[in-house]
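Everything below concerns the one structure shown next.
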């Protein structure tokens, strides 16, 4: 049966002409956007796992600090693979990579849900990370391919909206599912979404290969993956040196050698994975750094607020999930107007404003105390969510605008990669910082709840100050890009 989006004989023309032809069919445009949104959503819906953190640690009899490995095993994997997958999409077609990701991640969700032990769960999270890398590497360029170049900022806003909507719904859905069926449900419910999207994918969407016969830079991809994994693992292992664990040394050596080899190789490669020359522009390098840092500080919400609800409030689990989703709901609300603002007043001006709002929201969380009113909790999370949405749209637009059209898959992957680097670093450093403040309070004679609150407040006050510094960094980088 012919595709409901376009007649079969037009498929080749659609792939060749891209967004200019796609825009002629409003119904086809909407269907493509819905399909991409459904496929992408399974990745940000991983925020449902955060509300299940207490149930996971409780089910396996683990201390809080072990939960970081549920995050690290997953994001470390797709951080190492995302740019390479983006380049594969640039060469052989973004749609094919996206479809492969849907199949892989759908099966990985089933594996995670049936994991019999914590070790098996971590292994299955690695498999899930491979699928997430495939999906995320090409999702931004698939969305932007639906819009003409002049409306790229609106396309970026739509992608941010899709991603934020999944992040917002995750805790809400997760809270209800965990309350009824336990932590495996946060994986079960996403498998049919991924597999159903794959089944409906026939005839959609565009963004085909950039050229026939182009070879993939395998050495560069391997060096990059080894370097990123080594770097993030070294960040995680560095604080353990004080306890006699020196894993940071081999991890750091692998990271330095691999990343240095990657830069050397990419400068000589005919078709590099990443054009490293882009990072010679201080403004471009700094906005990517700012993007990683903003996700480092904002991940504190998803990492610690679920434990605040569990230990210091009487909110039912489903309600706690809904409240945790408020920050992502703020991102959803901010994304469409952010695209408009970027088009009207420039991304370089919107990014610092977003970071300042993040600073206000996170700092506010640091003053909740043990008896914060529900309205105060919602307001603080909403402010930081709106700020994150503004910042994300602006920073992604800056990165996409600075990248050649033939490397838009890599550019979109780079924006997602900096987010992942921030999350992985946060899972390690924030957990370590929290433990230090909590231990200090316990050593001073505080009770368990009071010690938890001391660590919680300290982390969020520091995160708020850091976000204010990121606003300054974003403003400075914007001036350098002009």
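The values are calculated or read from the model by the stated rules, or taken from the named source; none is laboratory data. Only a predicted model underlies this, so the values are computations on that prediction, with no experimental measurement involved. Counting neighbours? That spans all protein chains shown, and the Cβs are built from the backbone with ideal geometry, glycine included.
Quick check, is residue 139 modelled with pLDDT under 90, in contact with a helix residue (DSSP H, G or I) (Cβ under 8 Å, 6 or more places away or on another chain) and under 14 Å from residue 78 (Cβ atoms)?
yes
Could you run through the range 103-124 and say how many residues are crowded, with 24+ Cβ neighbours inside 10 Å and under 19 Å from residue 83 (Cα atoms)?
The qualifying residues number 1.
Report, by residue number, each residue of the range 349-366 that is surrounded by fewer than 21 Cβ atoms within 10 Å (Cβ to Cβ) and under 9 Å from residue 383 (Cα atoms).
Of everything in the range 349-366, just one residue is surrounded by fewer than 21 Cβ atoms within 10 Å (Cβ to Cβ) and under 9 Å from residue 383 (Cα atoms), namely 360.
Does residue 171 satisfy the condition of being at pLDDT below 80, surrounded by 21 or more Cβ atoms within 10 Å (Cβ to Cβ) and in a loop (DSSP other than H, G, I, E, B)?
Values: at pLDDT below 80: yes; surrounded by 21 or more Cβ atoms within 10 Å (Cβ to Cβ): yes; in a loop (DSSP other than H, G, I, E, B): no.
Criteria not met by residue 171.
Just to be sure before I move on: is residue 414 farther than 27 Å from residue 224 by Cβ, part of a helix (DSSP H, G or I) and either at pLDDT below 85 or assigned by TED's automatic domain parsing to the domain that holds residue 466 (or both) in the structure I sent?
Spelling it out, it is not the case that residue 414 is farther than 27 Å from residue 224 by Cβ, part of a helix (DSSP H, G or I) and either at pLDDT below 85 or assigned by TED's automatic domain parsing to the domain that holds residue 466 (or both).
Pairs under 6 Å by beta carbon, first residue under 14 Å from residue 457 (Cβ atoms) in the range 435-447, partner assigned to a helix (DSSP H, G or I), six or more apart or different chains?
Pairs that qualify, where the first residue is under 14 Å from residue 457 (Cβ atoms) and the partner is assigned to a helix (DSSP H, G or I), are 437/454; 437/455; 437/458; 438/451; 438/455; 441/451; 441/454.
Evaluate the following for residue 242: is it modelled with pLDDT under 80 and in a helix (DSSP H, G or I)?
Yes: the conditions hold for residue 242.
Considering each residue of the range 367-384, count those that are touching a helix residue (DSSP H, G or I) at 6+ places or on another chain (Cβ under 6 Å) and either in contact (Cβ under 8 Å) with a residue 60 or more places away in the chain or loosely packed, with under 15 Cβ neighbours inside 10 Å (or both), and give that number.
So the count comes out to 3.
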